[in-house]
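Comments concern the structure below.
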Amino acid sequence: MNILLAGGAGYIGSHTAVELLSAGHSVVIVDDYSNSSPEAINRIEEITGKKVTAYTADVKDKAAMRKVFGENKLDCVIHFAGLKAVGESVQQPVRYYRNNIDTTLTLLECMQEADVKCIVFSSSATVYGEENKIPYVETMKRGSCSNPYGWTKVMMEEILEDATVADKDLSVVLLRYFNPIGAHDSGMLGEDPQGIPNNLMPYIAQVAVGRRDKLTVFGGDYPTPDGTCRRDYIHVMDLANGHLKAVEYAAQHKGTEVFNLGTGTPYSVLEIIKAFENASGVNIKYEIGPRRAGDLPEFWANANKAANVLGWKTVRTLEDMCKDTWKWQSMNPQGYIK
Ligand code: NAD
Ligand code: UDP
């Protein structure tokens, strides 16, 4: 298949590109590099030995996207192109709604014009909200979110689902990611956040290479076994493999299907620090600080549906996630900037 990766130069998109190319598919990447580097494209090509068709464009830009759809015969779209910083979304809600919703609408319109009938969407466990019991199952209703980022995901899921009601030939797969961490095992691709990392693993990795002084653990008084929050961390290459299975499934089906992509096993913040120290041999300086607004104490996936329907399961351990993160960060201490 020839697959358009909107936002494909980013963290999850670049790893997915490697997985798709390695499985024999072709990819076309569109990215405006607002949160990534063109160097990621070179690395994808170096790892796979294959050529990537890449466009520098804003996915909201209809004229630019028409050109992409016109110049390439596409079989499926994967939509990664979103703004994703929870705290920033509270400060800049309009920018988040504009970018995340408009990219989705533009893609759907271009797909309709070009008769492309298959889209896989990067959703998030955040859509389960606070109301649902853990572990989260796809049959649960979407909950209410504590921030605009989460609401954009809820709204985009709804928009995509509505589109399949109107067009019976359309196939939508909503992938609800849990907590992606890790990197490609070559050390050539990884997560390269701009500025101060919001997420736990890149923060730990930057402490390990000396870019940050110490980690603040957000809250030590949660009702969890060690008092710190627990999450379902998933290796980004297992997640990438989930996309491969999802596009192959989507191409054969119609209507909307939802899948959780997680391991089903939660780890606490302190367990992640310990695992990273063991994998890297580096001591991670940390202190316990106050809770971060909006954080839930714990959640993890029931990932049975992806196993049963897609034949997907995770194969990489927490040790692999830490080892690969460390390899990436130590080989690229400043990220893609050399
Ligand atoms: P990322 O920021 O690394 O990747 C997103 C990419 O999209 C970036 O390369 C960015 O430059 C690009 N982009 C954003 N808006 C664009 C636009 N208008 N036009 C063109 N390019 C644009 O993020 P990621 O971690 O790879 O996440 C990918 C998707 O998965 C996002 O939609 C995110 O919300 C979702 N997601 C991520 C996580 C996570 O923890 N990383 C969890 C759940 C869901
Ligand atoms: N966390 C932390 N310190 C940090 C960043 C994150 O203690 O500097 C905690 C956060 O409170 C949460 C977990 O690590 O319990 C994972 O946070 P992250 O932002 O990576 O993912 P989230 O689950 O919030 O999407």
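Which one of GLY182, VAL68, ILE44 has its Cα pushed farthest toward the positive end of the charge dipole of the chain, where Lys and Arg give +1 and Asp and Glu give -1 at the Cβ?
GLY182
For ALA63 and ASP185 in one chain, what is 0.36 nm times their gap in residues minus the Cα-Cα distance, to one decimal in nm?
Full extension of this stretch gives 40.2 nm more.
Report the calculated FRET efficiency for ALA23 and ASP213 (r = Cβ-Cβ distance, R0 = 41 Å), to the nearest 0.05.
0.45
By accessible area of protein heavy atoms, probe 1.4 Å, what ranking do SER146, SER123 get, highest first?
SER146, SER123
Between ALA208, TYR222, GLN252, whose Cα lies farthest towards the positive end of the dipole of region 202-254 when Lys and Arg beta carbons carry +1 and Asp and Glu beta carbons carry -1, centred on the Cα centre?
Sorting the options by dipole projection puts first GLN252.
Mean-square fluctuation check for the chain, GNM, Cα pairs under 10 Å: which of GLY264, GLY195, GLY49 is largest?
GLY195
Would you grab the residues whose amide H sits under 5 Å from the one on LEU261? Only those 5+ places off in sequence or on another chain, please, with H modelled 1.01 Å from N.
So LEU261 has HN proximity to ARG176, TYR177, PHE178.
Nearest 5 is fine: what % of DSSP beta bridges in the chain come out antiparallel, could you say?
Details: 2 of 41 bridges.
Of those bridges, close to 5 percent are antiparallel.
Tell me, for the chain, which Cys residues have no other cysteine's C-beta sitting closer than 4.7 Å.
CYS110, CYS145, CYS229, CYS322
Show which aspartates and glutamates lie in cross-link reach of LYS141 when reach means a straight Cα distance below 13 angstrom and same-chain residues fewer than eight apart are skipped.
Filter leaves GLU130, GLU131, GLU157, GLU158.
Tell me, what is the per residue accessible area of the chain in Å², probe radius 1.4 Å?
42 Å²
Give a residue-ordered list of calculated ³J(HN,Hα) values for region 3-9 (Karplus: 6.51 cos²θ - 1.76 cosθ + 1.60, θ = phi - 60°; whole Hz; x for Gly, Pro).
10, 7, 9, 7, x, x, 8
Give the separation of the Cα centroids, region 170-245 to region 1-30, in Å.
After rounding, the separation between the Cα centres reads 20 Å.
Once every Cα of region 238-311 carries one equal point scatterer and solvent is ignored, give the base-10 log of I(q)/I(0) from the Debye formula at q = 0.18 Å⁻¹, two decimals.
-0.88
Size of the dipole of region 290-338 about the Cα centre, Lys and Arg at +1 and Asp and Glu at -1 on the beta carbon, nothing else charged, in debye to 20?
Dipole about the Cα centre, nearest 20: 120 debye.
Bin by bin, in steps of 10 Å, what percent of the Cα pairs in the chain do you find, going until the bin that has the longest distance?
6, 26, 37, 24, 6, 0
I'd like the distance between the alpha-carbon centres of region 90-152 and region 283-334, rounded to an integer number of Å.
21 Å
Just subtract the alpha-carbon distance of GLN112 and LYS285 from 0.36 nm times their residue separation and send over the number in nm, one decimal.
Here the answer is 57.1 nm.
Using the Kyte-Doolittle scale, which helices in the chain average at least -0.5 and also have C-alpha atoms spread 18 Å or more along the helix axis, with helices defined as whole DSSP H runs?
Length and hydropathy pass: 93-114, 148-166, 236-250.
List the residues whose amide H sits under 5 Å from the amide H of THR256, counting only those 5 or more places along or on another chain, with H placed 1.01 Å from N in the peptide plane.
VAL172
Quote the accessible area belonging to LYS117 in square angstrom, nearest 10, computed with a 1.4 Å probe and with ligands, DNA and RNA left uncounted.
We get 60 Å² for LYS117.
Within a Cβ distance under 15 Å of THR53, other residues only, what is the Lys/Arg minus Asp/Glu net charge?
Net charge around THR53: 0.
What FRET efficiency would be calculated for the residue pair ALA307, ASP162, taking the C-beta separation as r and a Förster radius of 35 Å, to the nearest 0.05?
The calculated FRET efficiency here is 0.80.
Please get the size of the charge dipole for the chain, origin at its Cα centre, with Cβ charges of +1 on Lys and Arg and -1 on Asp and Glu, quoted in debye to the nearest 20.
280 debye
I need to check one value: relative contact order of the chain, counting alpha carbon pairs closer than 8 Å and at least 6 residues apart, in percent.
Averaging sequence separation for qualifying contacts and normalising by length gives 19 percent for the chain.
Quick one: divide the alpha-carbon radius of gyration of region 1-74 by 2.2 N^0.38 Å and tell me what you get. List each step's numbers first, then the result.
Numbers: Rg = 11.4 Å, N = 74, 2.2 N^0.38 = 11.3 Å.
Rounded to two decimals, the normalised Rg is 1.01.
For LYS168, give me every one of the lysines with a C-alpha distance below 16 angstrom, ignoring sequence neighbours fewer than eight places off in its own chain.
Qualifying lysines at Cα under 16 Å: LYS117, LYS254.
For ALA54, which sequence-distant residues (separation of 5 or more, or a different chain) have an amide H within less than 5 Å of its own amide H, given hydrogens modelled in the peptide plane?
ILE29
Where a Cα-Cα gap under 18 Å defines reach, which lysines qualify for LYS214, not counting those fewer than 8 residues away within the same chain?
LYS274, LYS285
Show ASP295, ASP31 ordered by accessible area, largest first, where the area counts protein heavy atoms only and the probe is 1.4 Å.
Order by accessible area, largest first: ASP295, ASP31.
Classify region 82-133: rounded, prolate or oblate, from the alpha-carbon gyration tensor (a ≥ b ≥ c, eigenvalue square roots; a/c under 1.5 rounded; otherwise prolate if a/b is larger than b/c)?
oblate
Quick check for me: using +1 on Lys/Arg Cβ and -1 on Asp/Glu Cβ, what's the dipole size of region 35-127 about its Cα centre, in debye to the nearest 20? Walk me through the intermediate numbers first.
Numbers: 12 positive and 12 negative charges, 9 e Å.
So the magnitude is around 40 debye.
Which residue, GLY262, TYR233, HIS243, has the largest displacement toward the positive end of the dipole of region 222-282 when charges sit on each Cβ (Lys, Arg +1; Asp, Glu -1)?
HIS243
Go ahead and set up a Gaussian network model of the chain, Cα springs under 10 Å, then flag whichever of ALA183, ALA17, ALA293 fluctuates most.
ALA293
The values are calculated or read from the model by the stated rules, or taken from the named source; none is laboratory data. The shown structure was predicted, so the numbers you read here are calculated from the model rather than taken from an experiment. Cβ coordinates were reconstructed from backbone atoms using ideal geometry, including for glycine residues, and neighbour counts include every protein chain displayed. Just so you know, the surface numbers come from the protein's heavy atoms only, side chains and all, with ligands and any DNA or RNA stripped out. Shrake-Rupley method; radii C 1.70, N 1.55, O 1.52, S 1.80 Å.
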